[in-house]
Amino acid sequence: MMSDFFISTAYAQTAGGGGGLSSIMSFLPFVAVFAIMYFLLIRPQQQRQKQLRNELKSLRRGDRIVTAGGVVGVVQKSRDDAAEVEVEIAPNVRVLVMRDTISTVLTSTAKPANDAALPKK
């Protein structure tokens, strides 16, 4: 009776044949989760970064920008080969901002979201 306590009983296992298909099926959920993560999270973020890089390359005078610190300003001077952009943050207050710290470009042709159409008189 004491020997039954120390010796575990052996259970029958299935044969190892045909394991190729089952291993692929067990790996399939991981592939599906990665595909969902890629199309819902990674790819849209890459597209936004690419769009921001293109907007930063084409900065011109009069564009409204938002820096990573939340400062809103209007571009006064921008050169393609320079890492700095001169931005006016208040009347007659101009600062140099690193191009990499610009998080959003609000172009001068874009309409702000909170402005409603002017009523016709």
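Computed quantities for the displayed model
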{"item": "Stretchable slack from Arg60 to Phe34, in nm (0.36 nm times residue separation minus alpha-carbon distance)", "result": "5.4 nm"}
{"item": "Square roots of five times the Cα gyration tensor eigenvalues for the stretch 14-100, Å", "result": "52, 12, 9"}
{"item": "Protection proxy ranking of 62-73, 40-51 - average other beta-carbon atoms within 10 Å, highest first", "result": "62-73, 40-51"}
{"item": "Simple label model, 7 Å out from Cα along Cβ direction - Val71 to Leu21, nm", "result": "6.6 nm"}
{"item": "Two-site FRET efficiency, Ser103 against Asp81, from Cβ-Cβ distance with R₀ of 22 Å, rounded to 0.05", "result": "0.50"}
{"item": "Label-point separation in nm, Gln51 to Ile89, each point 7 Å along Cα→Cβ", "result": "2.7 nm"}
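Computed from the coordinates by the stated procedures, all read-outs in this text should not be read as laboratory data. This is a predicted model, so every value here is computed, not measured. Quick reminder, even Gly has a Cβ in these numbers, built from the backbone with ideal geometry, and neighbours come from all protein chains shown.
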